[in-house]
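To keep things clear, I will list the structure first and then write my remarks on it.
Rule-based calculations on the coordinates, nothing more; no lab input. Since we're looking at a predicted model, the values are computed, not measured. Cβ: placed from backbone, ideal geometry, glycine included. Neighbour counts: every protein chain shown.
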Amino acid sequence: MRKQLSVISALTILIAASFVLVRHLKGSHQATQSPYVNQLSSSVRGLSAQEIDDLLNGRGMGYARTAELNGYPGPLHILELEEKLELSTEQAQKIEAVFQEMNTEAKKIGKEIIEHEEELSTLFADGEITATELRMRTESLAALDGELRATHLEAHLKATPVLSSEQITAYNTLRGYTERGYADGGSHNHEHHHTN
């Protein structure tokens, strides 16, 4: 009877250990699977479908966070909050112009980035990439990336003086920054801001 219990205990431990091993192996397989698998079907390998769409449509993609989180409102969000910020007609027109200028330039640069990414991807796919070619192309992409970021940041820089100090504070509150301490509530350089 004792021997039977020992065998049953040993089998129970063995079965439990097998389950643990199977779960571990299953987990390690999932952990090693690339997060880029879904991008194999992308029209540009190296960019997700969302990134391509954002670049073609001039979206911010977080490029202007430095401005946004330091009390420099973005033109698109200002226009979205037009009523709550009580923009005058003149202010709305100026902000719209800033947005359109930024959006046009961002789309242009975004298209160039996609073209450069396509060329780089093709070189890798064809096995024709060299270290020199790689360096040249990545430096070119980095320059375009810098241009795109500057374009989005400049839009915040141009939009901010159009607003009054009160509107900037209201913007930061509405965007949830002041309560979390991300922005200073728009207290910087207000002597240069437009007042109604």
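Residue-wise HN-Hα couplings along segment 134-148, as the Karplus relation 6.51 cos²θ - 1.76 cosθ + 1.60 with θ = phi - 60° gives them from phi, are 4, 4, 4, 6, 5, 5, 5, 5, 5, 5, 5, 4, x, 4, 5 Hz; Gly and Pro carry x. Between the listed residues HIS77, GLN100, PRO161, the Cα displaced farthest toward the positive end of the dipole of segment 59-171, a dipole computed from Cβ unit charges relative to the Cα centre, is found at PRO161.
What does the highest-first list of 153-164, 132-143 look like by mean Cβ count within 10 Å?
Numbers: 153-164: 21.0, 132-143: 12.2.
Descending packing order for the listed peptides: 153-164, 132-143.
Rounded to the nearest whole Hz, the Karplus-based 3J(HN,Hα) values (6.51 cos²θ - 1.76 cosθ + 1.60, θ = phi - 60°) of segment 68-83 follow the sequence 4, 7, 10, x, 10, x, x, x, 4, 6, 4, 5, 5, 9, 3, 5, with x at glycine and proline.
Full extension of the chain between ALA150 and GLU128 yields a length gain of 4.7 nm, computed as 0.36 nm times the residue separation minus the alpha carbon distance. Here the Karplus relation 6.51 cos²θ - 1.76 cosθ + 1.60, evaluated at θ = phi - 60°, turns the backbone of segment 102-110 into coupling constants of 4, 4, 4, 5, 5, 5, 4, 5, x Hz, with x for every Gly and Pro. For segment 49-159, the Cβ-based charge dipole about the Cα centre amounts to some 340 debye (Lys, Arg positive; Asp, Glu negative; other atoms uncharged). Peptides 66-75, 101-110, ordered by how many other C-beta atoms sit within 10 Å of their residues on average, highest first, read 66-75, 101-110.
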